[in-house]
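This report concerns only the one structure given below.
The values are calculated or read from the model by the stated rules, or taken from the named source; none is laboratory data. Bear in mind that the values here come from a model prediction, so they are computed numbers and not experimental data. Note that we place each Cβ from the backbone using ideal geometry, even for glycine, and neighbour counts take in every protein chain shown. Heavy atoms of the whole protein, side chains included, go into the accessibility calculation; ligands, DNA and RNA do not. Shrake-Rupley method; radii C 1.70, N 1.55, O 1.52, S 1.80 Å.
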Amino acid sequence: MATDQDGAADDDARFAELIQDEFGVAVNGPATSEDAAHALATPAKPAKPGRRTRRPKPDTIPQWFSLDQAIDEAEPDVEPFVPPETTPLPRPRSPLAILGVALLVVAVVIGAAWLFGAPVPIWLRGTAGVLVGAALAALLLSLPRHKPDLWDDGAVL
């Protein structure tokens, strides 16, 4: 039993010495935790020569780290994304492309009328299907015949 009490006393003494060396304060009383040591601390005598000690600043009060406060104070690393201004759709230039767009619009109008319950005769529904096919054929035929080079920068000598 005596060895346990002696060991505890030795541990307390070593702990008090560590607190004094680390924080530069003397701990009054046995078996004091580190938090209690800060509360009960009194100014210490100068440290032993050869040991470095950190002296606490008397006017500063330690603040706990707050993640919410850090997030509020943080600035973004990059600027927010601003999308470029969109350009309008190009108007079709060839007469075949204009015909294809017109046929497609007529077919969509007929299909919308039929969808919303207007009495559309069966021959007009068939015509709308043919118009969709003709519009797609006209638009595909109006596409350019050659593919531009992907690595071409546009410079011509």
Every residue from the stretch 72-106 that is under 19 Å from A134 (Cα atoms) and without any contact (Cβ under 8 Å) to a residue 40 or more places away in the chain: R93, P95, I98, L99, V101, A102, L103, L104, V105, V106
Filter pass, I71 being at pLDDT 75 or above and touching a helix residue (DSSP H, G or I) at 6+ places or on another chain (Cβ under 9 Å): no
Test: residue in the stretch 101-110 that is on the phi > 0 side of the Ramachandran plot and open to solvent by 50 Å² or more (accessible area, probe 1.4 Å): no
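Considering each residue of the stretch 120-132, count those that are outside any helix (DSSP H, G or I) and either at pLDDT 90 or above or under 21 Å from L99 (Cβ atoms) (or both), and give that number.
Going through the stretch 120-132 one residue at a time, the tally reaches 1.
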